[in-house]
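A.B. asks: Next up is a structure, given as structure tokens.
The values are calculated or read from the model by the stated rules, or taken from the named source; none is laboratory data. Bear in mind that the values here come from a model prediction, so they are computed numbers and not experimental data. Positions of Cβ are backbone-derived with ideal geometry, glycine not excepted, and every protein chain shown enters the neighbour counts. With ligands, DNA and RNA removed, areas are computed over all heavy atoms of the protein, side chains included. Shrake-Rupley method; radii C 1.70, N 1.55, O 1.52, S 1.80 Å.
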Amino acid sequence: MSAQIISGTEIAKTIREELTREVAELKDLHGVVPGLVTILVGEDPASQSYVAAKNKTAKNLGIHSEQVTLPAETAEQDLLDLIHKYNSDPKINGILVQLPLPRHIDEAKILFAIDPEKDVDGFHPVNVGKMVLGEQCFLPCTPHGILELLQRTGVETSGAEVVIVGRSNIVGKPIANLMLQKRDSGNATVTLCHTRTKDMAFHTRRADILIVAAGVANMITADMVKAGVVVIDVGVNRIGVTDAGKAKLAGDVAFDEVKEIAAAITPVPGGVGPMTITMLMKNTVQAAKQQANIA
Ligand code: L34
């Protein structure tokens, strides 16, 4: 039997409708308009398209959005100065610096410069620390989106064997941490696999929920999963160009064969990607409320 396709596009749409109402209410009742700035350094086409989507989504929701695009040669100090400017700009509640940054810029230094109150990506060590401790904070957008997908699809995580492939700071590490926490969408038994894992298939075959964020197209094949698994595919790999001249995308999971075995699976595109963008909006609204002392 073919798997249920978990549509991130549909779930994201529902959440965006909820957010549109919330943004309107914030304005009507409190005169507050959430503000987001996205900063992109360089001309990576994938980053350009993600940042454009973030700004467009923000505008559609009624969020004030500013987009700064800087040349790849931008000096680290100039980027730091820009962040400091937005840290003290009252119209801006959330600051996002799109990753990856050019190699001459120290990513940690940039992320640490963002005011934790405006860190809508949840990458600042203060927010990472709070997340690990289970305190209220900004959750990083992709892991946050995965939790929402699981919750809104009714996937039971308590006691589940969750296997994660990939140990990045933006997906693997945080989602591992979130899923083992003692709370809704948590309470799982978590295994984290990475490039040094000895027998990857041994682990992935044990998964009740398999989350793949490795950045390797089609690496998870049908022989690597068990029947009835729920698969969350975080990979967005550009594997060529379509006849229409657009980027051809593939996930980290060999979708066509794995969907015949899985109970449920996210597609690429239309799975985790739209959720990442939507959770940025959710965090921006949360930031605006916190900064205006609205519960
Ligand atoms: N600071 N940098 C920062 N925050 C983030 O949360 C990100 N990420 C990752 C890369 N760098 C970042 C994103 O925004 C990945 N990412 C992201 C966002 C959106 C999509 C994919 C990755 C997305 O919308 N994907 C579409 C396909 C879009 C296309 O055609 O390229 C999808 O349906 O999967």
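A.B. asks: State, to one decimal in nm², a quarter of the convex hull surface area for the C-alpha atoms of the range 98-171, i.e. the direction-averaged projected area.
C.D. replies: Computed as one quarter of the Cα hull surface, the answer is 6.2 nm².
A.B. asks: If a/c stays under 1.5 just call it rounded; otherwise compare a/b with b/c (prolate if a/b is bigger, oblate if not). Do that for the range 145-295, with a ≥ b ≥ c from the square roots of the Cα gyration tensor eigenvalues.
C.D. replies: oblate
A.B. asks: Continuing with this model, one more query. Of all DSSP beta bridges in the range 204-295, what percent run antiparallel (nearest 5)?
C.D. replies: 35 percent
A.B. asks: In the range 94-207, what percent of the accessible surface is made up of carbon and sulfur (1.4 Å probe, ligands and nucleic acids excluded)?
C.D. replies: That share works out to 51 percent.
A.B. asks: A further question follows. Counting only other residues whose beta carbon sits under 13 Å from that of Lys59, what net charge do I get with K and R as +1, D and E as -1?
C.D. replies: With Lys, Arg at +1 and Asp, Glu at -1, the net is +2.
A.B. asks: Something else: Using only the Cα atoms of the range 47-127, build the gyration tensor, take square roots of its eigenvalues as a ≥ b ≥ c, and label the shape rounded, prolate or oblate: rounded if a/c is under 1.5, else prolate if a/b is larger than b/c, else oblate.
C.D. replies: oblate
A.B. asks: Now, a different point. Alpha carbon centre of the range 13-37 versus the range 72-86: separation in Å?
C.D. replies: First find each Cα centre; the distance between them is then 29 Å.
A.B. asks: Let me check something: with ligands and nucleic acids excluded, how do Phe138, Phe112 order by accessible area (1.4 Å probe), largest to smallest?
C.D. replies: Output order, biggest surface exposure first: Phe112, Phe138.
A.B. asks: Whole-Hz Karplus ³J(HN,Hα) for the range 208-218, in order, using 6.51 cos²θ - 1.76 cosθ + 1.60 and θ = phi - 60°, x for Gly and Pro?
C.D. replies: 7, 10, 10, 10, 10, 9, 9, x, 10, 4, 6
A.B. asks: Roughly how many Å² of Thr157 are accessible to a 1.4 Å probe, to the nearest 10?
C.D. replies: Answer for Thr157: close to 10 Å² accessible.
A.B. asks: What do you reckon, how do Lys118, Lys130 stack up by accessible area (1.4 Å probe), largest on top?
C.D. replies: Accessible-area ranking of Lys118, Lys130, largest first: Lys130, Lys118.
A.B. asks: Considering only Ala207, Ala75, Ala264, give the residue with the highest GNM mean-square fluctuation for the chain, with springs between Cα atoms whenever their separation is below 10 Å.
C.D. replies: The residue that fluctuates most here is Ala75.
A.B. asks: Average the reciprocal distances over every distinct pair of alpha-carbons in the chain, invert the result, and give the Kirkwood radius in Å.
C.D. replies: It works out to 19.8 Å.
A.B. asks: Mind checking the angle between helix 141-153 and the chain's longest principal axis? C-alpha axes, 0 to 90 degrees, to the nearest 10.
C.D. replies: 50 degrees
A.B. asks: Still on this structure: Among residues other than Leu249 whose Cβ falls under 13 Å from its Cβ, what is the net charge (Lys/Arg +1, Asp/Glu -1)?
C.D. replies: +1
A.B. asks: A further question follows. Go through 93-103, 220-230 and give me the packing order, highest mean Cβ count within 10 Å leading.
C.D. replies: Going from most to least packed, we get 93-103, 220-230.
A.B. asks: Also: With angles folded into 0 to 90 degrees, how steeply does helix 272-291 sit against the dominant principal axis of the chain? Use alpha carbons for both and round to 10.
C.D. replies: Value to nearest ten degrees: 40.
A.B. asks: In degrees from 0 to 90, rounded to the nearest 10, what is the angle of the helix 76-87 Cα long axis to the longest principal axis of the chain?
C.D. replies: Rounded to the nearest ten degrees, it is 70.
A.B. asks: Next question, about the same structure. Run through the DSSP bridge list for the chain and note the antiparallel percent, rounded to the nearest 5.
C.D. replies: Counting DSSP beta bridges with both partners in the chain, the antiparallel share is about 10 percent.
A.B. asks: Now for a separate question. For the chain, with every protein chain kept in place, what is the accessible area per residue (1.4 Å probe, Å²)?
C.D. replies: In whole numbers, the chain has 46 Å² accessible per residue.
A.B. asks: Calculate, in nm to one decimal, what Ala46 and Met1 gain on full extension: separation in residues at 0.36 nm each, minus their alpha carbon distance.
C.D. replies: The span from Ala46 to Met1 would gain 12.7 nm if fully extended.
A.B. asks: For the chain, what does -39500 (n - 2.57) per DSSP helix run (n ≥ 4), summed and divided by total residues, give at 222 nm, in deg cm²/dmol to the nearest 500?
C.D. replies: Result for the chain: -12500 deg cm²/dmol, rounded to the nearest 500.
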